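Asks: First the structure, which I've put down as structure tokens, then a few questions once you've had a look.
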Amino acid sequence: MLDEAKAGDYEPSDIGVIGVIGLGYVGLPFAMAFVRRGFAVIGIDVDARKLEMLQRGKSYIRDVEDAELAEAVTAGKLVVSSSFSRLADASSIVICVPTPLTANQAPDLSFLTAACRQLQPHLSFGQLVIVESTTFPGTTREVVQPLLELGGLRAGESFHLAYSPERIDPGNTATPVEDVPKVVSGLTAPCLTRIVSLYSAVFHQVVPVSSTDTAEAAKLLENSFRLVNISFINEFAKLCDQLGLDIWEVIRAASTKPYGFMSFLPGPGIGGHCIPVDPLYMQWKAREAGTESRFIELSRDTNESIPSYIVSRLERLLQPERTLNGASILICGVTYKRDVADLRESSALVVMERLCNAGATVAYYDPYIPTVRIGEASWRSISLTDEAIAAADCILIHTDHAGLPIDRIVAHAAAIYDTRNLTRGKSGPGKLARFGDGSRQ
């Protein structure tokens, strides 16, 4: 096995032009990381709106600044297109497309297989193809390789094939993409050597593993670990509610142990493109092999139960003065995590739907999401004025955006249900309860 390689061992001139397929939350920051190291990047996306914005030097992702993007586009270091034929000029091609779930909670590889089919006619001898999309063990060998070989070229012989699981953390400005260690793998030893050479020019730490299956499984372990532990702490918060204990104080106390404990915080339900989705890829693969993970199944069920629990606690807070039917509920923050413009798998959407079904009038405030649509219903983010806060029967704090005016909310709200512990130590004229605080309200 190769030793870990360090950034700076290779220069862009040694490796050539980089192609990136998929310019979303993973692909665009990834492309810009290569640009910063001096590479020329060809970005491919099928979304005409994204391409038009990029060509004007405008970013649709908070983690990529307009100024940096515009400079790269103007200098010709980043060229974007919808034509896969442009990738014939690339020495290495990185696939960063979504891998969601189907309606039946099975892996949806349609974006990945479409990308492979569109790339295959333009694949040439000696190119390196890297899959970054999260997927189940065996995908690179069993799905990607056969599709790329349809034109007669052979992976490991005519072109190189590798896998490296993406580790983009949207909204995390403290840790640059280049500082996150990259697990890498190759179909063959020469394939592994190629990806180590390329990624070592950009990422500060490159970690080779023995097979593409291992690298694929590593990403699923990372996010299954988080699903299990966050679901568990949410369940523990529910227990604390029943026992009259404050989960937040319990966590602070447990966190003083210098070994054997890792702190996880409760919240309104896990959302986003990774944690609720990736473990189900492993569960699907396990069932294909005749087994399953009970932890993953239980954690998924626990996570999916949290929005209903939040609604029930909110209703309890309103009583005895009123019920949910006819109540005015203002939700603060609807994204799945703080300071990102991303609604994917957000529990806020489930909460909004269930509140509406219970007869409540729902409004929301989120500086990152101007509109929300659920089925035939749609909303626009309101202005969070003192009057709007006071007019609501209850404020539900769902997402802990950095700019949320907690003191104003506490000062003017008739009632607050806080799922993020932002109101800890604060008091106002209205009722106040926090998820897992053990209050009897």
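The values are calculated or read from the model by the stated rules, or taken from the named source; none is laboratory data. It should be emphasised that the depicted structure is a prediction, and the values quoted were computed from it without experimental measurement. In this analysis, Cβ positions are derived from the backbone assuming ideal geometry, glycine residues included, and neighbour counts consider all displayed protein chains.
Asks: Would a scan of region 171-182 turn up a residue that is within 24 Å of Arg37 (Cα to Cα), surrounded by 14 or more Cβ atoms within 10 Å (Cβ to Cβ), in contact with a strand residue (DSSP E or B) (Cβ under 8 Å, 6 or more places away or on another chain) and in the same structural domain as Ala48 (by TED's automatic domain parsing)?
Replies: Yes, region 171-182 has at least one match.
Asks: Among Leu317, Leu343, Leu324, which is the only one that is farther than 29 Å from Ile61 by Cα and part of a loop (DSSP other than H, G, I, E, B)?
Replies: Numbers: Leu317 fails: part of a loop (DSSP other than H, G, I, E, B); Leu343 fails: farther than 29 Å from Ile61 by Cα.
Going through Leu317, Leu343, Leu324 in turn, just one is farther than 29 Å from Ile61 by Cα and part of a loop (DSSP other than H, G, I, E, B): Leu324.
Asks: Could we say that Lys58 is surrounded by fewer than 19 Cβ atoms within 10 Å (Cβ to Cβ), farther than 16 Å from Ile168 by Cβ and modelled with pLDDT of 95 or more here? I'd like the intermediate steps shown before the answer.
Replies: On the way: surrounded by fewer than 19 Cβ atoms within 10 Å (Cβ to Cβ): yes; farther than 16 Å from Ile168 by Cβ: yes; modelled with pLDDT of 95 or more: yes.
It is true that Lys58 is surrounded by fewer than 19 Cβ atoms within 10 Å (Cβ to Cβ), farther than 16 Å from Ile168 by Cβ and modelled with pLDDT of 95 or more.
Asks: Could I ask something else about it? Residue check: is Ala390 aliphatic (A, V, I, L, M), surrounded by fewer than 22 Cβ atoms within 10 Å (Cβ to Cβ) and not in a helix (DSSP H, G or I)? Can you show your working first?
Replies: Values: aliphatic (A, V, I, L, M): yes; surrounded by fewer than 22 Cβ atoms within 10 Å (Cβ to Cβ): yes; not in a helix (DSSP H, G or I): no.
No, not satisfied.
Asks: Let me ask another. Residue by residue through region 364-381, note down the ones that are among the aliphatic types (A, V, I, L, M) and either in contact with a Cys (Cβ under 6 Å, 6 or more places away or on another chain) or surrounded by fewer than 18 Cβ atoms within 10 Å (Cβ to Cβ) (or both). Break it down stepwise before answering.
Replies: First pass over region 364-381, keeping only residues among the aliphatic types (A, V, I, L, M): 369, 372, 374, 377.
The answer is Ile374, Ala377.
Asks: Let me ask something else about it. Return only the number of the condition from (1) closer than 24 Å to Leu432 by Cα; (2) among the hydrophobic types (A, V, I, L, M, F, W, C); (3) assigned to a strand (DSSP E or B) that Cys356 does not satisfy.
Replies: Unmet for Cys356, out of (1) closer than 24 Å to Leu432 by Cα; (2) among the hydrophobic types (A, V, I, L, M, F, W, C); (3) assigned to a strand (DSSP E or B): (3).
Asks: If a residue has to be assigned to a helix (DSSP H, G or I) and either in the same structural domain as Leu422 (by TED's automatic domain parsing) or out of contact with any helix residue (DSSP H, G or I) (no Cβ under 7 Å at 6 or more places or on another chain) (or both) to count, how many in region 235-255 make the cut? I'd like the intermediate steps shown before the answer.
Replies: Start the filter on region 235-255 by keeping residues that are assigned to a helix (DSSP H, G or I), which leaves 235-243, 247-254.
Narrowing the set further to residues that are either in the same structural domain as Leu422 (by TED's automatic domain parsing) or out of contact with any helix residue (DSSP H, G or I) (no Cβ under 7 Å at 6 or more places or on another chain) (or both) leaves 239, 241-243, 248-249, 251-254.
Adding up the residues that qualify gives 10.
Asks: Then there is this: Would you say Ile395 is in a helix (DSSP H, G or I), in contact with a helix residue (DSSP H, G or I) (Cβ under 7 Å, 6 or more places away or on another chain), outside the structural domain of Val250 (by TED's automatic domain parsing) and crowded, with 21+ Cβ neighbours inside 10 Å? Walk me through how you get there before you give the answer.
Replies: Details: in a helix (DSSP H, G or I): no; in contact with a helix residue (DSSP H, G or I) (Cβ under 7 Å, 6 or more places away or on another chain): yes; outside the structural domain of Val250 (by TED's automatic domain parsing): yes; crowded, with 21+ Cβ neighbours inside 10 Å: yes.
In short, no.
Asks: Is there a residue in region 347-365 that is of a type outside the set (Val, Ile, Thr), modelled with pLDDT under 95 and within 14 Å of the chain's Cα centre (by Cα)? Working first, answer last.
Replies: Let us first name the residues in region 347-365 that are of a type outside the set (Val, Ile, Thr), namely 347-349, 352-360, 363-365.
When the remaining residues are screened for being modelled with pLDDT under 95, the result is none.
Checked region 347-365: no residue is of a type outside the set (Val, Ile, Thr), modelled with pLDDT under 95 and within 14 Å of the chain's Cα centre (by Cα).
Asks: Just need a number here: residues in region 287-319 that are closer than 20 Å to Glu345 by Cα, of a type outside the set (Ser, Thr, Tyr) and in contact with a Phe, Trp or Tyr (Cβ under 8 Å, 6 or more places away or on another chain).
Replies: Qualifying residue count, region 287-319: 1.
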